[in-house]
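Below is one structure, written out as structure tokens; comments come after it.
We did not get these values from a lab; they are worked out from the coordinates using the rules stated. Treat the numbers as computed from the prediction; the structure is a model and nothing was measured. Ideal geometry is used to build each Cβ from the backbone, glycine not excepted, and the neighbour counts take in all protein chains shown.
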Amino acid sequence: MLAAAQAEVAAAGDADSLEAVRVRWLGRKEGRLSAVLRALGSLQAEQRGAVGAAANRAKRSLSEALDRRADALARSGGADRDAPAIDLTLPGRDQWRGGVHPVTIVIDEICDIFRGLGFTRARGPEAETVWHNFEALNTPLDHPAADEHDTMYLGPCTVLRSHTSPVQIRTMQAHEPPVRIVVPGMAYRRDPFDASHAPAFEQIEGLAVDDGVTFVEFKWTLAEFGRRFFGADTRTRFRPSFFPFTEPSAEVDVTCMICDARGCSACKGTGWVEIMGAGMVDPAVFEQVGYDPERYTGYAFGMGPARIAMLRYGVPDIRMFYDSDVRFLEQFAR
Amino acid sequence: MNISYRWLRELAPGLAGDADEVAERLAALGAPADSKTAIGAALTDIRVARVLEAGRHPNADRLWLCAVDAGGGETLRVVCGAPNVRSGGYYPFAPVGAELPGGMKIRRAKIRGEVSEGMLCSARELELGHDHAGILELNGIYEPGVPFAEAAGLDDTRLELDVTADRPDLLSHLGVARELVGVDGVSLPAVPGFERAILDEVELDSGEAVAEAGGVRVEIEDPAACMRFLGAVVEGVRVAPSPAWLAMRLRAVGLRPINNVVDVTNYVTHELGRPMHAYDLDRLDGARIGVRWARRGERLVTLDGVERELEEGMLVIADAARAVGLAGVMGGEATEVGDDTANVLLELAHFDPKAVRATRRAAGLSTDASYRFERGVDPDEAERALRRALAMIRAVAGGRVHPRVADAHPTKPEPIEVAIRTARAERVLGVPLTTERLRELLEPIGLRLLGGDAAISTYRVPGHRRGDLVREVDLIEEVARHAGYDAFPEERRPTRPSAVPDAPLSVLEGRLRQRWAGRGFLEARTAAFAPEGQGDVELLNPLSSDESRLRRSLLPGLAGRVRYNQARGRRDVRLFEIGTAFAPAASGDHKPRETTRLAAVATGGVRPPHWGSETPDWDLWDARGFLDDMARALDLPARAVPRSEVEPRSDIEASLGGGLLEPDATFRLRTEDGFIAGVAGLVRAGAADAPPWSAPWVALEVILPGEPDLSDRRRLAPIPAHPAIERDLALIAPASSPASAVEGEIRKAASGLLVGLRLFDVYEGPGIQPGERSLAFRLRFQAADRTLTDAEVDAEVERVLDRLEEELDVRQRT
């Protein structure tokens, strides 16, 4: 009954024929639905409730359909006799697409992987003392290793941290082992902005210290990270290197995820891409924070999530991350 | 550090593998090659040719017309201007079509009427040296037509090694060779034309701070700044371009040949890692040379032609009258060895790394020498390096080496001994080890076992590793490195999870990012640098004046990003950022105060346009709504109030908004304690600098708590069991009565039964007197324990209306 009525509503091409439909169904005297409602009185009490409710629903629904149609006819000047009732091909009411930054996506994913390996998330200040940024990390200021950082100074003994490593120091000063932390944050170096350097850049520091942490565990953890982040087939390579606060130190490479280690421009044809610097914590660092270097061993690592995001998403120039061009950011919104 | 593969082979005859394999092994040892360059590549077109007959050019006195066999079976006619061309000689030859290293193409040419089918080349034309006096004659007999680079031993590979700061011993060919084949695998080859590797027949005149030799007095002022100074005199040298083998070697490592004496010092620096310097002895005042601290106001023109004013704290080499060089950095122009030099003083010294570093920094001049001194040179290599250089000078520049060499040696190195416990190495590396295994790995480095047992062994550290092998852990690293990192398994070991709790602010940041992203905002990341007007914390060494401060607010930077997008034609922009703002250090502290903040800017439509209805633009009331929403997100007992209702009590509170907001259209998020946690409002038209088609900009900035309490203390409130009754009140209020005052009076008048109050319409215009406006409120009444009666609600409304009339002259609209 309702379907038939609604079809008539849709078919009504002008206000007059629409009014005729209203009278035919809802008119006080002849209306077919009105008749049903009038007839309720003659029904048994137990039937009355259900039928009444249904009839009332139908009446409400039909009234609305009539109003909508009247509205539509009024707006179109009543001239769309042949048009279908509702054009369902019209676009829906969209929402703006928002999203977190691609570097944030990478940071969160990395931290989540390390969370699964028993690491928590720590943080520390961006303006640091020279002691936290260098000396406590076994890096005397008059050593050439300190030069490589090209540090930005705020005062004679205050710097913008040149890496997130000072958070290692702050965390160890505040907590006893087991310490397993990842520290995403900004670091600053006096590198002019170019396609692969930003003077302010994200870094993720990692630190694991406990009784009995070894080089073998260090290698497994970072290789496992490589597999979880870049894919199960990813292989990891450790090359000797030098950082004043780790010994032995390593550069960590993973097989190039872009060419499957066959060699491409992203890996400069080598099949490997460098993703972090790492190593076993130097006992001199433990001495600075009051840990017993005979009892505790550990490892630390640092990586650049923007660089990793460049690899993952094929971003050719690091500056694109910091332009905040909506056409760039929207590609990472969902 | 540039390494020539051929040079390496010469020092380590047993070295296996080609340049690629060597580079791979060096990478596995921690010195990867950043680049590999084929040295002979520029000479691929050049062949060896034999001059069959050299006759006079018929039309020119100084030219020769030669019959040349360049392979290929035919005899070529070549015009040549070199005085040294002779019949039967072998020379590098560029046939027609060949390209010289400089890029010049050889064409068939007519020279004074005679056709020339190619060119016989000089060392300079092949960029192998300066010598342009004649063509380069090859000693020996060759098959005409063979590639010249191969025949002359020029097919070489340059490896540009990335040497870490702890390994100065790898800044020489000897050091790299030793790293690859062990101390016993390296040997110094004889100097060409000298038959021996070093000059033995000199004696050292050893003294403490003073020594003398060849009539020259050597003196060290500060034994802590200069540990040793060796000075040798060579008389009667002939300064000239270097022979091809020497020039080629230098070019192979990227150096420019200068003259034979200077080239020898550079050669030995790169071979043995001990920088040295040659002075024109006749230009040294008073036959004296020494090392001393510079005097204020002293001046020196260095070899690069720059006149420098010296400072105290710079270490200099000086003669009787003046400074003649920056110690360990660069020599002076006045005493430079040049073509007219006859007598040479050769200096080989050992300077304190810190003194060289200070000198280099003060001069702003980094050189091959300073780079090595700063990182540390091998004290045990001094004498041999000097004797090697003397042998080479004899071979390439002639002259007589004075038999006595001055050796001022006030500070002698203490021997270094380091013990390694086998169990400790196992504890760090995680694999079983034996003392024998350790010895096997450590001895090739040059460490000498002094004694020990199964638990501990003690080693003497060689001179070339004095800088980095001083502790047990340094030896453990050597064990890992020489065993090969790949040799260690990757094994999952039982671990304990972190005892450090998650930083609550990081958790909160994550939640806020999702909240703003879900609302259609895009996360921006901008740098914390700001121009002078936008920051209070100054950088001592900024990259540019636009970035000379650290931002006090996030908004100006973020607004700049909106402007960037509008400049690209984008009307609808919504950005947010979470980052750090900086305020000057509190008194007694050195570090600036940091606050983590969230900022957002929005302009354009609140939704994408839709055919079904008009889409409003973001406006002031969205800004206010954001602020209240942030209070909920931060679980802060705070609400947005007009700017004038609360004054900032600190510089950090005052910094909110970054001066971007229109004061009359700004809200502040006031906490219960009267603190300001954030601001929001309309961006001033001038501050936005927006194109004319731009919609209004709304912006927000909120300070996030440093240590937020994320504990969730919510308890469920009972869901009301009884229905609510709503009443709409249309009120006429004097325009001077703020909506908040009306709302406040309604709340005061009503009892606890009022559970909801919302202003849903504001109207001024026809039907309302000027100076008045209509405010429509929806009041919601409900009791927890019963269904309210109309009479109860009527009484409530009555009380509300009475109070409004009494207090604010507000009456019901009829």
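Values as computed for the structure displayed
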read-out	value
Segment B:657-759: C-alpha gyration tensor shape, a/c 1.5 cut-off, then a/b vs b/c	oblate
Rule-of-thumb Rg ratio for segment B:535-686 [Cα; 2.2 N^0.38 Å; N residues]	1.14
q = 0.18, 0.23 Å⁻¹: log10 I(q)/I(0) that the Debye formula gives for segment B:610-678, counting C-alpha atoms only	-0.68, -1.02
Angle between chain B longest axis and helix B:19-29 axis [Cα atoms, degrees, rounded to 10]	50 degrees
DSSP-defined beta bridges in chain B - what % are antiparallel, rounded to 5	95 percent
Among B:His482, B:Val461, A:Pro91 the positive-end extreme of the charge dipole of the protein assembly as shown (Cβ point charges)	A:Pro91
Taking B:Glu478, B:Glu798, B:Glu743 and counting other C-beta atoms within 10 Å, the order from fewest to most	B:Glu798, B:Glu743, B:Glu478
Spread of Cα-to-Cα distances over 20 Å intervals beginning at zero, given as percent, for chain B	12, 26, 25, 19, 12, 6, 0
Which of B:Thr435, B:Ile420, B:Val405, positive extreme of dipole for segment B:394-448 (C-beta unit charges)	B:Val405
Inter-chain Cβ neighbour average for residues B:501-514, partner chain, 10 Å	4
Over segment A:206-334, volume per residue of the alpha carbon convex hull, in Å³	141 Å³
Share of alpha-carbon pairs per 5 Å distance bin for segment B:488-578, given as whole %	3, 11, 14, 13, 14, 13, 11, 7, 5, 6, 3, 1
Straight-distance crosslink candidates among lysines, where the alpha carbon sits under 28 Å from A:Lys59 and sequence neighbours closer than 8 are dropped	A:Lys29
Estimated D of segment B:242-355 in µm² per second, where Rh is the Kirkwood radius over Cα pairs and Stokes-Einstein applies at 25 °C, 0.890 mPa s	166 µm²/s
Helix-only CD estimate at 222 nm, as mean residue ellipticity for the protein assembly as shown, using -39500 (n - 2.57) per DSSP H run (n ≥ 4)	-8500 deg cm²/dmol
Residue exposure sequence - A:Tyr296, B:Tyr91 - by fewest surrounding Cβ within 10 Å	A:Tyr296, B:Tyr91
Cα-based helix-to-principal-axis angle, B:739-749 vs chain B, degrees rounded to 10	50 degrees
Angle between chain B longest axis and helix B:790-808 axis [Cα atoms, degrees, rounded to 10]	70 degrees
Ranking of B:Thr458, A:Thr89, B:Thr335 by count of other Cβ atoms within 10 Å, fewest first	A:Thr89, B:Thr458, B:Thr335
Rg/Rh (Cα only; Kirkwood hydrodynamic radius) as it applies to segment B:13-98	1.27
Cβ-placed point charges (K, R +1; D, E -1), dipole of the protein assembly as shown about Cα centre in debye, nearest 20	3200 debye
Calculated P(r) of the protein assembly as shown - Cα pairs past 50 Å, %	49 percent
Per-residue average of Cβ from other chains inside 10 Å of A:150-159	5
